[in-house]
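The values are calculated or read from the model by the stated rules, or taken from the named source; none is laboratory data. Just so it is clear, the structure is predicted and the values come from calculations on it, not from any experiment. Virtual Cβ from ideal backbone geometry, glycine too; neighbours counted across all protein chains shown. Areas reflect the complete protein model, heavy atoms only, side chains present, ligands, DNA and RNA absent. Shrake-Rupley method; radii C 1.70, N 1.55, O 1.52, S 1.80 Å.
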Amino acid sequence: MHDQLTVALSPAQRLLCWVDEVAPGMVFGSRFVALGGFRLGGPLDVTLLRHALDQLVVRHQALRTVIERGGGVPYQRVGPPAPVPLTEVAPDRLVDTIVRAEYPAGSAPMLWAFLARHDPTDATLVLVAQHTVADPWSMRILVADLLRAYRAGEVGRSPVQAPATRPPGRPEPVPVRSRPEVPAAPEHNERRDVQLTDYWRQALADLPALPLPSAAPGGDPGTSEVRFPLSVTESRLRAAARPLRTTPFVLLLSGFVSALGTLTGATDLVVPVLTYGRERSDWDTVGLFMNALPVRVELPGELDPGQTVGRVHTAFAAAFTRELPLADLLSRLPDAARFFAPGGPVCAQFEVIQLPAAQPSAPLSHRPVRLPAGLPLGGPVIPVNGLVTWLEQDPDGGYVATIRFRTDLFGPDVVERLVDRYADWLDRLVGP
């Protein structure tokens, strides 16, 4: 066991363990994964690619980390590196092969790769990682590190060297704790957490459900997805946000909240906003970094665009400056937990996926490719009690939105009206 170490869970992983308690099998199964697709250009040496993939597991502990949940306090167990499975497949079978594969959560490495060669200088690479140890930001880190390791291997250097003080391929020597526990918080932090809990106790009192705009379709609580482009761009959002003294994110959230309000007639809305949870020191770290921040907004009567943005900005700022890890918040406020557990009040989650800037990757060029919507892989961390909307930014600054919705609560016609209203509200808020 000299090559194993144990580490306390991160806040996001503590949230996963809470979700597993209220929705067993949702987040620790073999389908709960993060995916990253990339189109590679240039002559590709598969042997070098395999070696570069294996080096990722040496470099990033998360890829060889298993969350142990049995027998007391859950913790992370970090094991030794192991080869990354690389599956070569015909392009027309790529998506089907990825969907049919299994991604066990209980053994490392927690990374799988699929390669489809279109011709000798054109290929699609899809990386799949267990979502318990990776997020969309992580997938961009991994492909950048992979291509740097590939480039180093091509010129004859060792891609990612382990420190000279230990044998290559062995994990960093960190003392093993027989019973890992989260260190006690300093007293002043504890006092602050109590104050923040008092705020959230008031903010989350009598949480309203999102009214359904028409009779629910009923049936089994399955989900479906729609994907659609937005007409706004990052540059337009920044130009519109500046005179309003707000941010592009708040404008995107304002349009979504306004669309929900006009569609359902609700004037008091609670929208769980998924934040990407990274400090600057985490920008180069592979792992699951996320939190869910309940934002409660009141939009009574007719408001002009500026007033709408002002209310959403104030509500988001109040929540963001008082952020607590959701797992900690729910342990302190058990009554609020029903809002996030399966069968809770109907609600709509919102997320703008944050990604690092692309890095140069010669001799291979690369660009992200978006996999088809509706794949039976991945999924939101918080159970879907209504619908989940997430936005992804294109390299040209545009946005693509995806809505995953409960088919027993929302019919396709209702979701189509929500899409239309969101587009209309963004045009009103952002302008030409």
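Residue count for the stretch 369-405 satisfying the condition of being part of a strand (DSSP E or B) and buried (at least 19 other Cβ atoms within 10 Å of the Cβ): 8.
Every residue, every condition in (1) farther than 25 Å from GLY277 by Cβ; (2) surrounded by 22 or more Cβ atoms within 10 Å (Cβ to Cβ); (3) modelled with pLDDT of 90 or more; (4) hydrophobic (A, V, I, L, M, F, W, C), yes or no:
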position: HIS118; (1), (2), (3), (4): yes, no, yes, no
position: GLN130; (1), (2), (3), (4): no, yes, yes, no
position: ALA134; (1), (2), (3), (4): no, yes, yes, yes
position: LEU142; (1), (2), (3), (4): no, yes, yes, yes
position: ALA149; (1), (2), (3), (4): yes, yes, yes, yes
position: ARG157; (1), (2), (3), (4): yes, no, no, no
position: GLY169; (1), (2), (3), (4): yes, no, no, no
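Selection of the stretch 342-357 for residues being small (Gly, Ala, Ser), crowded, with 17+ Cβ neighbours inside 10 Å and farther than 14 Å from SER254 by Cα yields only GLY344.
Conditions (1) of a type in the set (D, E, K, R); (2) touching a Gly at 6+ places or on another chain (Cβ under 7 Å); (3) within 30 Å of GLY343 (Cα to Cα); (4) in contact (Cβ under 8 Å) with a residue 60 or more places away in the chain, marked per residue:
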{"position": "THR65", "(1), (2), (3), (4)": "no, no, no, yes"}
{"position": "VAL73", "(1), (2), (3), (4)": "no, no, yes, yes"}
{"position": "ARG100", "(1), (2), (3), (4)": "yes, no, yes, no"}
{"position": "HIS118", "(1), (2), (3), (4)": "no, no, no, no"}
{"position": "THR121", "(1), (2), (3), (4)": "no, yes, no, yes"}
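Take the conditions farther than 23 Å from VAL415 by Cβ, out of contact with any Ser or Thr (no Cβ under 8 Å at 6 or more places or on another chain), open to solvent by less than 20 Å² (accessible area, probe 1.4 Å) and hydrophobic (A, V, I, L, M, F, W, C) and apply them to VAL250. Does it pass? Criteria met by VAL250. Comparison of VAL66, VAL73, VAL78, VAL27 shows that the only residue that is over 21 Å from VAL143 (Cα atoms), of a type in the set (Val, Ile, Thr), surrounded by fewer than 16 Cβ atoms within 10 Å (Cβ to Cβ) and modelled with pLDDT under 95 is VAL73.
Residues in the stretch 406-432 that are assigned to a helix (DSSP H, G or I), touching a Ser or Thr at 6+ places or on another chain (Cβ under 9 Å) and β-branched (Val, Ile, Thr) were compared, and the one that is nearest to LEU274 (Cα to Cα) is VAL415. More than 30 Å from LEU56 (Cα to Cα), open to solvent by 20 Å² or more (accessible area, probe 1.4 Å), acidic (Asp, Glu) and touching a Pro at 6+ places or on another chain (Cβ under 6 Å): does that describe ASP328? So ASP328 fails the test. Within the stretch 286-311, the residues that satisfy the criterion of being out of contact with any His (no Cβ under 8 Å at 6 or more places or on another chain) and under 27 Å from LEU16 (Cβ atoms) are GLY287, PHE289, MET290, ASN291, ALA292, LEU293, PRO294, VAL295, ARG296. The requirement of being surrounded by fewer than 18 Cβ atoms within 10 Å (Cβ to Cβ), closer than 14 Å to SER224 by Cβ and more than 19 Å from the chain's Cα centre (by Cα) is not satisfied by PRO360. Taking the stretch 406-430 on its own, how many of its residues are of a type in the set (Val, Ile, Thr) and open to solvent by 10 Å² or more (accessible area, probe 1.4 Å)? Matching residues across the stretch 406-430 total 3. Just for the stretch 283-323: of the residues that are without any contact (Cβ under 8 Å) to a residue 60 or more places away in the chain and more than 16 Å from VAL271 (Cβ to Cβ), which one is most open to solvent (accessible area, probe 1.4 Å)? This residue is GLU302. Among residues of the stretch 417-432 that are in contact (Cβ under 8 Å) with a residue 24 or more places away in the chain and farther than 24 Å from PRO243 by Cβ, none has a Cβ under 7 angstrom from a residue that is small (Gly, Ala, Ser) and open to solvent by 30 Å² or more (accessible area, probe 1.4 Å) at a sequence gap of 6+ or on a separate chain. Within the stretch 75-84, can one find any residue that is of a type in the set (D, E, K, R) and within 23 Å of GLN359 (Cβ to Cβ)? Checked the stretch 75-84: no residue is of a type in the set (D, E, K, R) and within 23 Å of GLN359 (Cβ to Cβ). Quick one: is ALA101 of a type in the set (A, V, I, L, M, F, W, C), surrounded by fewer than 19 Cβ atoms within 10 Å (Cβ to Cβ) and farther than 29 Å from ASP282 by Cα? Against the criterion (of a type in the set (A, V, I, L, M, F, W, C), surrounded by fewer than 19 Cβ atoms within 10 Å (Cβ to Cβ) and farther than 29 Å from ASP282 by Cα), ALA101 qualifies. A single member of ARG280, ARG242, ARG238 is under 18 Å from the mean Cα position of the chain (by Cα) and without any contact (Cβ under 8 Å) to a residue 60 or more places away in the chain, and it is ARG280.
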